[in-house]
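J.: A single structure is presented below for examination.
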Amino acid sequence: MTFSQAISSCMSKYGTFKGRAARSEFWWFVLFQFLVFAAVAMLNEKLLALVQLGLLLPYLAVGARRLHDIGRTGWWQLIGLSGIGLLVLIYWWVQESELGQN
């Protein structure tokens, strides 16, 4: 999946937590978010907060779909709230896809 395909897919599935997301889709969207946040942060901090809020739901959705792709439930994203849990999530997000359905 290319950068533009990944962004298009994530934004069209804005709040869709069902299904699967490939590694490339997830990581391209993470890169897109980083670039958007960096660009907006240079402009205005209040605008940055709105953009972050606007991209939160698609980030959570693609994260849940990525976890579905490796055979885990999207609820595992809650461990990211603890500091060390984010490392576990990153490890899972880089795993290869499992064959089969969710």
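Laboratory data are not the source of any read-out in this text; all were calculated from the coordinates shown. Nothing here was measured: the structure is a model prediction, and the numbers come from that model. With ideal geometry, Cβ positions are generated from the backbone for all residues, glycine too; neighbour counts draw on all protein chains shown.
J.: Tell me, what ³J(HN,Hα) does each residue in segment 90-95 have, in order and in whole Hz, if you take phi through Karplus 6.51 cos²θ - 1.76 cosθ + 1.60 with θ = phi - 60° and put x for Gly and Pro?
T.: 3J(HN,Hα) across segment 90-95, in whole Hz: 4, 4, 5, 5, 8, 5.
J.: Same structure again: Could I have the simple spin-label model distance between Phe3 and Gln52, label points 7 Å from Cα toward Cβ, reported in nm to one decimal?
T.: Each label point lies 7 Å from its Cα, and together they span 2.4 nm.
J.: What 222 nm value per residue comes from the helices of the chain, counting each DSSP H run with n ≥ 4 as -39,500 (n - 2.57) and dividing by all residues, nearest 500 deg cm²/dmol?
T.: Estimated from H runs of four or more residues: -21000 deg cm²/dmol.
J.: Now for a separate question. Translational D (Stokes-Einstein, µm²/s) of the chain at 25 °C and 0.890 mPa s when Rh comes from the Kirkwood sum over C-alpha pairs?
T.: 175 µm²/s
J.: Right, another one. Taking 0.36 nm per residue of sequence separation and subtracting the Cα-Cα distance, how much length would be gained by fully extending the chain between Ile84 and Leu99, in nm to one decimal?
T.: 2.6 nm
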